[in-house]
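Written below as structure tokens is the structure these notes are about.
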Amino acid sequence: MNDERGYLARKLKEGHASLFERTWPSWVGGMLVAFLSILMFAWERPWGVVAGMRNWGDWLFTSLGIYHKSVQSPLVNYASVMDLGLVFGAFASALLGREFSIRTPPRLEAAKGFVAGILMGIGAALARGCNVGGFYSAISALSLGGVAMMFGLILGAYVGLRYLLWELEKFPPRTTAPAGGERSEGGFDWRRIQPWIGYAIMILAVLVSFRYSSVAYTKSGGLLLLGLAVGIVMHRSRLCFVAAFRDPFMTGESRQTKAVALSLMIAMTGYAIIKWAGLRGEMVYVANTFLFGGLVGGFIFGIGMVIAGGCGSGTLWRVGEGQVKLWITLVSFSLTNALVRYYMDTTGLIHKVGKAVFIPDLLSYKWTVIALLVLLGLWYLAADWNEEKEIVVVE
Amino acid sequence: MDLKDIKPDVTLDARGLSCPMPLLKTKKAMKGMKPGQIIEVLGTDPGSKKDLPDFAQKSGNEWLGVLDDGEGFYRFYLRKK
């Protein structure tokens, strides 16, 4: 009897360690995110990030009386609960891996986080979405604006990286002689209990989604759980859109680029099936961002995300991990986006950032899917080739 | 060799920095080192646990390992080729 209990405990421990104490390969993360994103669309709506942040900003500004907009409570707004799920999923994941801690940035980093959030807020307003809604889900939804944003992000990531390298020249890293002997071993290592808190949060999330369901917000509850799963996957695999766009220029590393390209191939095919079968409206997530909004918005957003060290989704999962710099980014990003979007709505500018182009209207579904697979495949191959030949690596 | 017995030649404090700054700073700091010297990088970004060994492998430097003793930060060790 004792032996059997010992066996079960050991197996559970091993299972926990292999799931939560190692980093999952990026491509595994990319594939899982694609499936979750398809499930979100099948359940209710495409995956998006910045709309939830904007909901928080609108809610705050409306509560303060700065402007008035009919705004849903962040507790039931679909976009908002997906974001809350993502943050708490990453928080739970960090705890499960004993990796959560409050990470306070030096002053320059904090300032960069703040300014980068402003750039991202403006960029995401012009592109009608961040790297997720404006690029990932937009391409999945077969919108040409998403392709425009992809090119904007590539250019923006390049410029953002040039800034980081300039900063590195201006403030070169200072090394010191090692102090030695200062290695402290703290008293109670509270990381030992972190996994228990992590499991508690996951159970709590399931209970909360039941609660949503019992008060007729079943859709919100489902999106909360799917968001939670995205948060866990992205944190565990450290799937990073910033690195996908930045690394080919920085180190030549192509792993994240390939993971995102692969992820998009799966998500796009899934979204195409859902739309093609007539399960969801064809123009869902096809925003009027071709060409100006996507390209320029992507460019501005791309600069911001490289300086912040986190995109829309990446900011959220790093917030859950305890990175204070990204907390600052989240605040300036949400508030700027709410303000800029409010301005664009009230002045009508929102209708002038480009055309809404649903690619199958031009090419038919079949050729759209093939064309996008080719485009993403070329991105994948170009990143791989560049890793070997270092063609666009800056230094 | 036990990581705790390593005597680094230089220490780089990258605590509080987020991705990709710890990597870029390590890369730059190692340019000024002599072959065989060991650098100790103090950091708080868990991403470095993946980025720094990858960088070492790609650049031909030797990855010695990471210490995570509940000090509130990680200690990464690399040896210049």
**Asked** Assigning unit charges at the beta carbon (Lys, Arg +1; Asp, Glu -1) and nothing else, what dipole magnitude in debye, to the nearest 20, does segment A:1-105 show about its Cα centre?
**Response** 120 debye
**Request:** Taking every Cα atom in segment A:319-395, find the radius of gyration and the maximum pairwise distance Dmax, and write them in Å.
**Result:** 20.0, 50
**Request:** Would you work out if segment A:102-245 is rounded, prolate or oblate? Take a ≥ b ≥ c from the square roots of the eigenvalues of the alpha-carbon gyration tensor; rounded if a/c is under 1.5, else prolate when a/b is larger than b/c, oblate otherwise.
**Result:** oblate
**Message:** From the helices alone, meaning DSSP H stretches of at least four residues, give me the mean residue ellipticity at 222 nm for chain A, per-run term -39500 (n - 2.57), in deg cm²/dmol to the nearest 500.
**Reply:** -24000 deg cm²/dmol
**Cut-off under 5 Å, modelled amide H: who pairs with residue A:357 long-range** = A:144, A:145, A:289, A:290
**Request:** Over the protein assembly as shown, consider all pairs of different Cα atoms and compute the Kirkwood hydrodynamic radius from their mean reciprocal separation; express it in Å, one decimal.
**Result:** 23.1 Å
**Message:** Can you tell me how segment B:1-69 classifies by the Cα gyration tensor, rounded, prolate or oblate, using a/c under 1.5 as the rounded cut?
**Reply:** rounded
**Asked** In terms of modelled amide H atoms, which long-range or inter-chain residues lie less than 5 Å from the amide H of residue A:100?
**Response** A:95
**Prompt:** Are any of the pairs A:325/B:50; B:50/B:81; A:69/A:275; B:7/B:58; B:4/B:28 more than 22 Å apart by Cα-Cα distance, and if so, which?
**Reply:** A:69/A:275; B:7/B:58; B:4/B:28
**Request:** Report, for the protein assembly as shown, the % of DSSP beta bridges that are antiparallel, rounded to 5.
**Result:** 70 percent
**Item:** Calculated from backbone phi, Karplus (6.51, -1.76, 1.60) coupling profile of segment B:65-81 in Hz, x at Gly/Pro
**Value:** x, 10, 9, 9, 9, x, 8, x, 7, 9, 10, 9, 10, 9, 10, 6, 6
**Order of A:391, A:139 under a 10 Å beta carbon neighbour criterion, fewest first** = A:391, A:139
**Prompt:** Hey, can you list the DSSP H helices of chain A whose Cα span along the axis is 24 Å or longer and whose average Kyte-Doolittle score is at least 0.5?
**Reply:** A:26-43, A:78-96, A:107-126, A:144-170, A:194-214, A:218-237, A:255-276, A:324-347, A:359-389
**Fill in**
In a Gaussian network model of chain A with springs linking alpha carbons closer than 10 Å, the residue among A:76, A:286, A:49 that fluctuates most is A:76
**Item:** Size of electric dipole in the protein assembly as shown: Cβ of Lys, Arg +1 and of Asp, Glu -1, about Cα centre, debye, nearest 20
**Value:** 360 debye
**Prompt:** Helix-derived [θ] at 222 nm for chain B: sum -39500 (n - 2.57) over DSSP H runs of at least 4, divide by residue count, nearest 500?
**Reply:** -8500 deg cm²/dmol
**Complete:** If amide H atoms are modeled at 1.01 Å from N in the peptide plane, then the residues at a separation of 5 or more from residue B:65, or on another chain, having amide H under 5 Å from its own are B:77
**Label-reachable residues, segment A:145-175, where backbone N falls under 14 Å from a point 7 Å from residue A:351's Cα toward its Cβ** = none
**Request:** Pull out the extension gain between residue A:11 and residue A:381, defined as 0.36 nm times the separation in residues minus the alpha carbon to alpha carbon distance; nm, one decimal.
**Result:** 129.2 nm
**Item:** Backbone HN-Hα couplings from phi across segment B:9-21 [Karplus 6.51/-1.76/1.60, Hz, Gly and Pro as x]
**Value:** 7, 9, 10, 10, 8, 10, 5, x, 7, 10, 3, x, 4
**Prompt:** Does segment A:65-154 classify as rounded, prolate or oblate by the C-alpha gyration tensor (a ≥ b ≥ c root eigenvalues; a/c under 1.5 gives rounded; else a/b over b/c gives prolate, otherwise oblate)?
**Reply:** rounded
**Message:** Of the candidates A:138, A:177, A:92, which one comes out as most mobile in a Gaussian network treatment of chain A with C-alpha springs shorter than 10 Å?
**Reply:** A:177
**Request:** Set Lys and Arg Cβ to +1 and Asp and Glu Cβ to -1, take the dipole of the protein assembly as shown about its Cα centre, and tell me which of A:269, A:233, A:16 lies farthest positive.
**Result:** A:269
**Request:** Just need the relative contact order of chain A here, percent rounded to a whole number, with Cα pairs under 8 Å and 6+ apart.
**Result:** 33 percent
**Message:** For segment A:1-58, which GluC sites (Glu not before Pro) pass both filters: DSSP loop (anything but H, G, I, E, B) and at most 16 other C-beta atoms within 10 Å?
**Reply:** A:21, A:44
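Taken together, the values in this text are just the output of simple stated rules run on the coordinates, not laboratory data. Keep in mind it's a predicted model, so treat the numbers as computed, not measured. Reconstructed Cβ throughout: ideal geometry from the backbone, glycine too, with neighbour counts over all protein chains shown.
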